[in-house]
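Remarks on the structure that follows.
Values quoted throughout were computed directly from the atomic coordinates according to the rules given, and no laboratory measurement underlies them. Note that the structure is a prediction, hence the values are computed from the model and not measured. Here the Cβ positions follow ideal geometry from the backbone for every residue, glycine too, while neighbour counts run over all protein chains shown.
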Amino acid sequence: MWSSRAPRPCCAPTSPRASTAPGCAWPDPKHTSSFEFCENGAKAVAWEATRNRATPELFAAHTLAELRTWTDHALEDAGRLTHPMAYDPASDRYLPVTWDEAFARAADGLRRLDHPDQAAFYASGRASNEAAFLYQLLGRRFGTNNFPDCSNMCHEPTSVALPLSIGVGKGTVTLDDFDEADLILSFGHNPGTNHPRMMATLRSAARRGAPILVFNPLKERALERFASPQDPVEMATLSSTPIASRYYQLRIGGDAAFVQGMMKALVARDDAGEPVLDHDFLAEHTAGFDALAAQLRAADWAELETEAGAARAEMEDAARRYAGASRVILCYGMGITQHLGSSSTVQQLANLLLLRGNIGRPGAGICPLRGHSNVQGDRTVGLWEKPSEAFLAAMDRVFGFASPRAHGHTVVDSIAALERGEVRFFMGLGGNFAVAAPDPGRTFGALARADMTVHVATKLNRTHLLPGRESLLLPCLGRTEVDVQAGGRQAVTVEDSMSMVHASRGLNAPASSELRSEVAIVAGIGAALFGEKDPVDWAALTADYDRIRDLIEAVLPDLFAGYNERIRVPGGFRLPIPASERTWKTASGRANLIPRTSENANPALPPGVLLLTTVRSHDQYNTTIYGQDDRYRGVFGRRDVIFANPEDLAALGLAEGDRVDVEAASGGRSIHGFIVAPRDMPRGCAAAYYPEANALVGLDDHDRASGTPAYKSIPVRLRPAPG
Ligand SMILES: Nc1nc2c(c(=O)[nH]1)N[C@H]1C(S)=C(S)[C@@H](COP(=O)(O)OP(=O)(O)OC[C@H]3O[C@@H](n4cnc5c(=O)[nH]c(N)nc54)[C@H](O)[C@@H]3O)O[C@H]1N2
Ligand SMILES: Nc1nc2c(c(=O)[nH]1)N[C@H]1C(S)=C(S)[C@@H](COP(=O)(O)OP(=O)(O)OC[C@H]3O[C@@H](n4cnc5c(=O)[nH]c(N)nc54)[C@H](O)[C@@H]3O)O[C@H]1N2
Ligand SMILES: [Mo]
């Protein structure tokens, strides 16, 4: 599995210069170079290392009602949290408490519940493997599988759909494969902003002549041309490298239809006697070809064209380019996963690759681009509301208690359960749950109904200002900070998008002497809840994270054998991905070709209704807004913008710069005073920024199989704003 060119994303815990940027999940090809390599990684590091401090004095000076009037940017810009705080409803303020008091109160809040399933333990994807493993141990020891996590809003369709297709819910490629691919397909992601280090990989592929086909309703500049900050010539001459050799501007939500069109074209050519399918691979490794082929043969070109917003000739063109390549990698992001029926769309992407045997050999495979730096690892070590029986049985064997079996709540389920009063204790290990989730109208109210909310965070955000009857705000060390425990200086481990596990060690001095590590905070609550006689020795685990890794290895020996030794080798190690060896861990023992469901149908909308997608600007990290510019899209100084096709705008009597209200076509939800910006995008499509547009997304509008909200296909109407 190793080669001399294997990615080297990290440093060993023994290395003095080891720290992983708290940015995206793309592997770092060079030792410690990620900060120079990636402007947005540098922004994330600087944001964590701010000199500003959100001290007890700040909270003494402002009620929560006042703080709620601040912008999201201003809240985080208050700086790093410095002290554990508890909410005082009488004064509507956060007041300082000791750590022991905080742990005791959290434990009491849990003890007061009638049933463990009245608790929900949310996590964002920055938590290390060690913190995430302890967190799920805390929740399962307590008795619930309620682990909603940011994955539920992100790549859950990948986690749900790919195991059925290829037996694993992760990508199958390594960085080496990109050097060998002779075609790269890019669906619905914007790496120039969100995975900047990937641009070096795409640029070198383009430079050696491997075509890159882009499928995206928006013309993303870095996917058209990219100037490398590492190339002195490009920088000095203001020149750049063309990236996409062909840019298919399909309709929002049109991917499943477009890919089915490509596959229909392939099957038609194959039926006509041109062997463009990999028949040997299909016969030896797959199941379900006949059902998929029957669906494709029966599909109506006119309907596919309407759904995809692209002509049959374009789908045939893409199919021709695909069939002309022998080693193909398919990358995809949120443009695929955040729609109704996204799980089925992910399966169509897998089908496309499987038809030509493009999974499980060098230079080929599927590459879902994960978001948070450790979102993939958190799932691997058990932060999952739908754990497998094998995982639970292993937990029981190692810890000697019976883990709960009933599956838990996703993010959208948790919100509905909070609303109904069925979840009464909400804990967040990082993240900004309320702002990231759909429908703030319902979500904010749901959180406020909780008996207790507990947040572990580096910086203040709006979710912390929506307290339950009781609330705790617990400040933690960031990934960039030195973590010293009783057993000495600690390293944590994370898993990137390519299943590389490596160690990360902070270098900076902690922002406050009161900060505790996420591991110490979770263990502190565990110790307060279960007492000193508990078979889990929470204090000992905090003292030395090697002990936590030993437990992870004991629960998951197939993945983590030799964990502590292997992370001390520079570069870390890759977790086994059976599909990349053509071993299919599916029920059929084969890779499954799965026909499309109707949930991802993308019918034409009534006149006056546009389909709105939500995107990240260049100056944000999810709900963290660094600044007001989106430079590659030519937007400066504002985020209250709605992009649409110029002809659609003209038909609505709107011109550039007009102010509009945007209403969800299903009624009830709206956002106000947005500025119209015409852009080169297909008719019927519109785009706005996340999270400003989240008020338009209904809580019930999500992919059924995965629960992922349809953040990227919201039918809306635009109306001139009054006044
Ligand atoms: N700097 C920075 N880096 C980040 C993040 C950040 O906020 N800032 N967030 C992190 C996280 S958690 C994640 S999940 C990733 C997200 O990374 P991306 O997946 O790149 O995220 P989005 O900005 O949501 O961009 C989605 C892209 O999909 C396109 N798109 C929208 N709708 C459709 C559609 O229907 N079909 C197709 N084919 N394309 C569509 C949009 O035009 C846009 O180019 O980035 C991670 N990295
Ligand atoms: N409309 C729309 N909505 C979306 C999306 C979209 O594309 N469109 N994308 C979705 C996606 S892909 C995702 S992943 C979610 C993101 O949802 P979340 O992961 O919940 O949100 P973030 O904005 O990443 O969380 C930021 C907060 O994390 C805390 N934090 C930062 N670093 C640390 C740390 O090291 N430890 C701890 N404990 N806390 C820390 C800080 O307090 C900061 O305010 O949003 C989803 N929501
Ligand atoms: Mo994400």
For the stretch 298-327 and the stretch 641-705, compute the distance between their C-alpha centroids and round to whole Å. 28 Å
Could you calculate the contour length gain from Arg449 to Arg469, that is, 0.36 nm times the residue separation minus the distance between their Cα atoms, to one decimal place in nm? 6.4 nm
Cα convex hull volume per residue for the stretch 334-408 (Å³): 156 Å³
Lys/Arg Cβ at +1, Asp/Glu Cβ at -1, dipole of the chain taken about the Cα centre: which of Ser513, Ala131, Phe530 is farthest positive-ward? Ser513
Positive-end residue of Ala436, Val482, Ser471, charge dipole of the stretch 418-487 with Cβ unit charges: Ala436
Between the stretch 494-530 and the stretch 117-179, how many Å separate their Cα centres? 17 Å
Of the DSSP beta bridges with both residues in the chain, give the percent that are antiparallel, rounding to the nearest 5. 45 percent
Size of charge dipole - the chain - debye, nearest 20, with Cβ of Lys, Arg +1 and Asp, Glu -1, no other charges: 700 debye
Protection-proxy order for peptides 603-611, 253-261, each taking the mean of Cβ atoms within 10 Å per residue, highest first: 253-261, 603-611
Nearest 10 degrees is fine. How inclined is helix 389-399 to the longest principal axis of the chain, computing both from alpha carbons? 20 degrees
Would you mind getting me the FRET efficiency between Arg719 and Leu238? Use the beta-carbon distance for r and R0 = 51 Å, nearest 0.05. 0.75
Kirkwood hydrodynamic radius (Cα pairs, Å) of the stretch 160-295? 17.3 Å
Of all lysine pairs in the chain that are eight or more residues apart or on different chains, those with Cα atoms under 28 Å apart total 18
Given the stretch 639-686 reduced to its alpha-carbon atoms as identical point scatterers, what log10 I(q)/I(0) does the Debye formula return at q = 0.19, 0.25, 0.30, 0.31 Å⁻¹? -0.58, -0.95, -1.17, -1.20
Check: C-alpha center the stretch 543-582 vs C-alpha center the stretch 432-492, spacing in Å is 28 Å
Sites matching trypsin sites (Lys or Arg not before Pro) across the stretch 362-470 that sit in DSSP coil, with at most 11 neighbouring C-beta atoms within 10 Å: Arg405, Arg420
DSSP beta bridge pairing in the stretch 606-720, given as percent antiparallel to the nearest 5: 70 percent
Take the alpha-carbon positions of the stretch 606-720, form their convex hull, and give its projected area averaged over all directions (one quarter of the hull surface) in nm². 7.3 nm²
In debye to the nearest 20, the charge dipole size for the stretch 606-720, taken about the Cα centre with +1 at each Lys and Arg Cβ and -1 at each Asp and Glu Cβ, equals 80 debye
Solution diffusion estimate, µm²/s, Stokes-Einstein, the chain, Kirkwood Rh from C-alpha pairs, 25 °C, viscosity 0.890 mPa s: 94 µm²/s
On the formula 1/(1 + (r/R0)^6), with r taken between the Cβ atoms of Glu647 and Glu303 and R0 of 30 Å, the FRET efficiency rounded to 0.05 is 0.85
Stokes-Einstein D (µm²/s) once Rh is taken as the Kirkwood radius of the stretch 233-312 over alpha-carbon pairs, at 10 °C in 1.306 mPa s: 105 µm²/s
Please report, in Å, the Rg and the Dmax of the stretch 67-213, where both are computed over Cα atoms only. 22.3, 67
Plugging the Cβ-Cβ distance of Ala283 and Arg320 into 1/(1 + (r/R0)^6) at R0 = 30 Å yields, to the nearest 0.05, a FRET efficiency of 0.80
Give, as ranges by residue number, the residues of the stretch 83-105 whose backbone N falls under 13 Å from the point 7 Å along Cα→Cβ of Ala61. none
Taking 0.36 nm per intervening residue step and subtracting the Cα-Cα distance, what contour gain separates Glu514 from Ala406 on full extension? 35.1 nm
Can you give the % of DSSP beta bridges in the stretch 430-529 that are antiparallel, to the nearest 5? 45 percent
By how many nm would the segment from Val569 to Asp537 lengthen if fully extended, with 0.36 nm per residue of separation less the alpha-carbon distance? 8.7 nm
